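Asker: One structure follows; several queries about it will come next.
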Amino acid sequence: MKVLNFGSLNVDYVYQMESILIPGETQASKERNVFSGGKGLNQSIALAKAGIPVYHAGMIGEGGEILLETCRENGVNTKFIRKIDAPSGHTMIQVDKNGQNCILLFGGSNRMITREFVDEVLGEFEKGDIILLQNEINELDYIIDKAYEKGMMIILNPSPYDSALDACDLSRVSLFLVNEIEGFQITGEKEPEKILEKIKTLYPHAKIVLTLGGDGSVYQDETGIYHQGIFKVKAVDTTAAGDTFTGYFISSILDGMPVQEGLELAAKASAIAVSRPGATASIPLREEVEKIKL
Ligand code: RIB
């Protein structure tokens with residue numbers, strides 16, 4: 001069984017700010033750092049750091065060499081990362097003194113996925129293989145349909161949520177990883193219990209992990225519901241905390257861990273990520289997550 005993550009790769013320009021800008025405001029930043037990021041790349045690295053062999057498929061462009069390098073350094077299989085003649089995806093991330101962020105995203109090469117490329121990549125996978133997706137690349141609906149036709153297990157983190165997801169047949173998804181906002185956007189419900197109930201009605205065979213910020217996370221499948229709190233740490237930068245959770249929780253499933261232990265592992269890994277700056281740079285190795293006392 002192989003694991004493929006078809007997703008974005010971004011160069012993150014991270015600015016330390018006193019506070020996040022309001023419309024019309026100009027403010028000098030205290031520091032700027034450049035990190036490898038992108039929800040796709042972060043989740044591949046979280047999987048790899050958790051000990052899961054993963055193929056990443058995606059497009060980089062001009063200025064994106066650092067992204068390929070980061071994947072290689074962290075043991076992600078880069079066979080399906082292509083370089084094209086276009087600007088790479090990038091972000092401008094403001095982080096305030098409490099570690100909260102806001103992200104301006106430029107899709108660049110991430111939005112230049114072709115159907116030929118999708119067919120070429122999926123041609124190397126088969127029934128029973130796993131595909132992980134987020135919503136920072138184009139052709140998501142096509143990828144879901146083709147992966148489903150092949151009998152791959154589809155895991156979706158529909159983030160950031162936008163109208164491209166309306167074109168996707170979400171009944172083909174086996175596992176959703178969503179936060180409360182995405183949960184609301186999919187179901188129209190605000191209360192966590194109602195989000196879970198509605199997902200069950202809409203997609204009766206899907207499993208779901210609903211992350212609730214400071215209130216932890218909830219997992220629901222056909223057998224029941226499991227809750228997990230957060231591990232409190234001093235927040236330095238919340239970027240990629242969700243991606244770390246996603247990668248680690250998926251790794252726990254692939255390792256055959258009981259759900260409650262998997263949620264705890266993922267919560268610990270994301271707490272460590274929150275306590276450090278950057279996206280991929282903040283994601284801990286499995287050994288560290290297992291040893292740390294929080
Ligand atoms: O989830 C965090 C990621 O979202 C950042 O690395 C940034 O690239 C944006 O895509």
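Just so you know, all these numbers are worked out from the coordinates, no wet-lab data involved. This is a predicted model, so every value here is computed, not measured. Glycine gets a Cβ as well: all are built from the backbone with ideal geometry, and neighbour counts include every protein chain shown.
Asker: Right, ILE130: under 16 Å from the mean Cα position of the chain (by Cα), in contact (Cβ under 8 Å) with a residue 12 or more places away in the chain and more than 22 Å from VAL173 (Cα to Cα) or not?
Answerer: Here the answer is no, as ILE130 does not meet what is asked.
Conditions tested, residue by residue: (1) in a loop (DSSP other than H, G, I, E, B); (2) within 30 Å of GLU288 (Cβ to Cβ).
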{"residue": "LYS190", "(1), (2)": "yes, no"}
{"residue": "GLU193", "(1), (2)": "no, no"}
{"residue": "THR201", "(1), (2)": "no, no"}
{"residue": "THR238", "(1), (2)": "yes, yes"}
{"residue": "THR246", "(1), (2)": "no, yes"}
{"residue": "ILE253", "(1), (2)": "no, yes"}
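Asker: Between a residue in the stretch 156-169 that is among the aromatic types (Phe, Trp, Tyr) and any residue that is in a loop (DSSP other than H, G, I, E, B), which pairs come within a Cβ distance under 7 Å, given they are 6 or more apart or on different chains?
Answerer: Hits for this filter: TYR161/ASN135.
Asker: Run down LEU210, LEU263 and say which single residue is more than 16 Å from the ligand (Cβ to nearest atom), assigned to a strand (DSSP E or B) and closer than 25 Å to GLY99 by Cα.
Answerer: Result: LEU210 is the single residue among LEU210, LEU263 that is more than 16 Å from the ligand (Cβ to nearest atom), assigned to a strand (DSSP E or B) and closer than 25 Å to GLY99 by Cα.
Asker: Evaluate the stretch 156-163: report whether one residue or more is part of a strand (DSSP E or B) and more than 17 Å from the chain's Cα centre (by Cα).
Answerer: Checking the stretch 156-163: not a single residue is part of a strand (DSSP E or B) and more than 17 Å from the chain's Cα centre (by Cα).
Asker: Select, from ILE230, ILE186, ILE199, the only residue that is within 24 Å of ARG276 (Cα to Cα) and crowded, with 17+ Cβ neighbours inside 10 Å.
Answerer: Just one listed residue meets the conditions, ILE230.
Asker: If you don't mind, there's one more thing I want to ask. CYS102: closer than 22 Å to GLY242 by Cα, within 16 Å of the ligand (Cβ to nearest atom), surrounded by 15 or more Cβ atoms within 10 Å (Cβ to Cβ) and not hydroxyl-bearing (Ser, Thr, Tyr), yes or no?
Answerer: In short, no.
Asker: Identify all residues within the stretch 1-35 that are in a strand (DSSP E or B) and within 19 Å of ARG111 (Cβ to Cβ); write none if there are none.
Answerer: The answer is ASN5, PHE6, ASN10, VAL11, ASP12, TYR13.
Asker: Determine which single condition SER36 fails, assuming it passes every other condition in (1) within 12 Å of the ligand (Cβ to nearest atom); (2) farther than 18 Å from GLY242 by Cβ.
Answerer: Looking at each condition in turn, SER36 falls short on (2).
Asker: Related question: Regarding the stretch 235-245, can at least one residue be identified that is more than 13 Å from the ligand (Cβ to nearest atom), more than 26 Å from MET153 (Cβ to Cβ) and touching a residue at least 60 places away in the same chain (Cβ under 8 Å)?
Answerer: Yes: one or more hits.
Asker: Only one of (1) out of contact with any helix residue (DSSP H, G or I) (no Cβ under 7 Å at 6 or more places or on another chain); (2) more than 14 Å from the ligand (Cβ to nearest atom) fails for MET59. Which number is that?
Answerer: Every listed condition holds for MET59 apart from (1).
Asker: What's the total number of residues in the stretch 82-99 that are more than 13 Å from the ligand (Cβ to nearest atom) and either part of a strand (DSSP E or B) or not charged (D, E, K, R) (or both)?
Answerer: Number satisfying all stated conditions: 8.
Asker: Okay, next question. Inside the stretch 10-31, can you point out the residues that are within 15 Å of the ligand (Cβ to nearest atom) and not aromatic (Phe, Trp, Tyr)?
Answerer: Hits for the stretch 10-31 are ASN10, VAL11, ASP12, VAL14.
Asker: Among the residues of the stretch 213-224, what is the count of those that are over 17 Å from ILE250 (Cα atoms) and assigned to a strand (DSSP E or B)?
Answerer: 1
Asker: With the condition kept exactly as written, say whether any residue in the stretch 72-81 is of a type in the set (Phe, Trp, Tyr), part of a strand (DSSP E or B) and within 16 Å of the ligand (Cβ to nearest atom).
Answerer: no
Asker: Any chance the stretch 271-290 includes a residue that's on the phi > 0 side of the Ramachandran plot, out of contact with any Gly (no Cβ under 9 Å at 6 or more places or on another chain) and not in a loop (DSSP other than H, G, I, E, B)?
Answerer: No, every residue in the stretch 271-290 fails to be on the phi > 0 side of the Ramachandran plot, out of contact with any Gly (no Cβ under 9 Å at 6 or more places or on another chain) and not in a loop (DSSP other than H, G, I, E, B).
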